[in-house]
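Chemist: Structure below; questions to follow.
The values are calculated or read from the model by the stated rules, or taken from the named source; none is laboratory data. Computed from a prediction, not measured in an experiment: that's the story for all the values here. In this analysis, Cβ positions are derived from the backbone assuming ideal geometry, glycine residues included, and neighbour counts consider all displayed protein chains. Please note that ligands, DNA and RNA were not included when accessible areas were found on the heavy atoms of the full protein model with its side chains. Shrake-Rupley method; radii C 1.70, N 1.55, O 1.52, S 1.80 Å.
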Amino acid sequence: MTPIPKQPTAPRIQGTFVNTDAWPTQQLATMALLCAIGVALSFIEFPLLPGVTWLKYDASAMPAMVCGFAFGPSAGLAVGVVGAIIHGLLMADFSGALMNILVVLGFVGAAAALYQKWRSFPGALTGLFLGILGTIAMAIVGNLIVTPLWLGVPLNAVVAMIIPILIPFNAAKALLNALLTLLVYKSISNLITPQKLQVKGR
């Protein structure tokens with residue numbers, strides 16, 4: 001009777017450690033720094049629309065987009081979502097944190113995913129345009145759900161604000177964040193982007 005051969009096993013190397021992390025240490029450190037910058041920026045806010053003082057702009061989503069352009073959409077979303085949670089915990093503002101998370105998903109997700117596949121200036125512009133549209137869409141969805149449930153504002157009042165207030169405010173907010181992303185990422189891209197992903201003249 002012929003013995004059944006043993007299946008080969010992976011070699012075990014004594015005294016060594018294989019790092020299987022998807023994000024290397026240097027990238028994690030950069031992400032942590034961008035997250036801290038985002039949290040700090042979340043406390044610098046001001047109104048954009050005359051007479052609508054309760055809606056205020058802050059640039060906290062910009063570092064998340066910079067991270068998304070440098071390291072991909074999952075990294076950018078991680079920075080944006082963690083920053084929104086930290087700000088919500090510091091301010092004891094659950095509804096605000098949830099709204100910020102939705103806006104980050106809309107602003108960073110599709111834009112960073114597109115730029116990861118089309119790493120050029122036109123790709124960045126197209127991605128940021130998608131980010132502006134995503135911000136508007138997610139802000140409307142969030143206001144329709146979060147504002148009536150947690151803030152007690154009647155749904156019909158929220159619907160009445162969509163065209164005259166919510167769309168202009170979130171379009172202006174996303175446009176400012178997009179412009180800041182272009183300026184900041186262009187300045188520091190070669191410092192934080194992995195060398196294999198750097199594109200000359202980007």
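Chemist: Tell me which of these Leu180 doesn't satisfy, since it passes every other one: (1) modelled with pLDDT under 95; (2) surrounded by 14 or more Cβ atoms within 10 Å (Cβ to Cβ); (3) in a helix (DSSP H, G or I).
Modeler: The failed condition is (1).
Chemist: Can you spot a residue in segment 99-108 that is assigned to a helix (DSSP H, G or I) and touching a Phe, Trp or Tyr at 6+ places or on another chain (Cβ under 6 Å)?
Modeler: The answer is no, given that none of the residues of segment 99-108 is assigned to a helix (DSSP H, G or I) and touching a Phe, Trp or Tyr at 6+ places or on another chain (Cβ under 6 Å).
Chemist: Scanning segment 111-136 for residues that are out of contact with any helix residue (DSSP H, G or I) (no Cβ under 6 Å at 6 or more places or on another chain) and farther than 19 Å from Leu183 by Cβ, which turns out surrounded by the most Cβ atoms within 10 Å (Cβ to Cβ)?
Modeler: It comes out as Gln116.
Chemist: Can Val141 be described as β-branched (Val, Ile, Thr), touching a residue at least 12 places away in the same chain (Cβ under 8 Å), open to solvent by 50 Å² or more (accessible area, probe 1.4 Å) and part of a helix (DSSP H, G or I)?
Modeler: So Val141 passes the test.
Chemist: Just to check your reading of the model, which residue among Val103, Val108 is buried (at least 19 other Cβ atoms within 10 Å of the Cβ) and closer than 15 Å to Cys67 by Cβ?
Modeler: Result: Val108 is the single residue among Val103, Val108 that is buried (at least 19 other Cβ atoms within 10 Å of the Cβ) and closer than 15 Å to Cys67 by Cβ.
Chemist: Go through segment 115-135 and report how many residues are of a type in the set (A, V, I, L, M, F, W, C) and not in a helix (DSSP H, G or I).
Modeler: Of the residues in that region, 1 qualify.
Chemist: Quick check: is even one residue across segment 79-98 assigned to a helix (DSSP H, G or I), touching a residue at least 12 places away in the same chain (Cβ under 8 Å), buried (at least 16 other Cβ atoms within 10 Å of the Cβ) and over 18 Å from the mean Cα position of the chain (by Cα)?
Modeler: No - not one qualifying residue is present in segment 79-98.
Chemist: May I ask you to list the residues in segment 149-177 that are of a type in the set (Val, Ile, Thr) and open to solvent by less than 70 Å² (accessible area, probe 1.4 Å)?
Modeler: Passing the criteria: Val153, Val158, Ile162, Ile165, Ile167.
Chemist: Give me the pairs: first residue in segment 58-76 and closer than 12 Å to Leu105 by Cα and open to solvent by 20 Å² or more (accessible area, probe 1.4 Å), second residue of a type in the set (Gly, Ala, Ser) and in a helix (DSSP H, G or I), beta-carbon distance under 7 Å, and six or more apart or on different chains, which are they?
Modeler: What qualifies is Pro73/Gly109; Pro73/Ala112; Pro73/Ala113.
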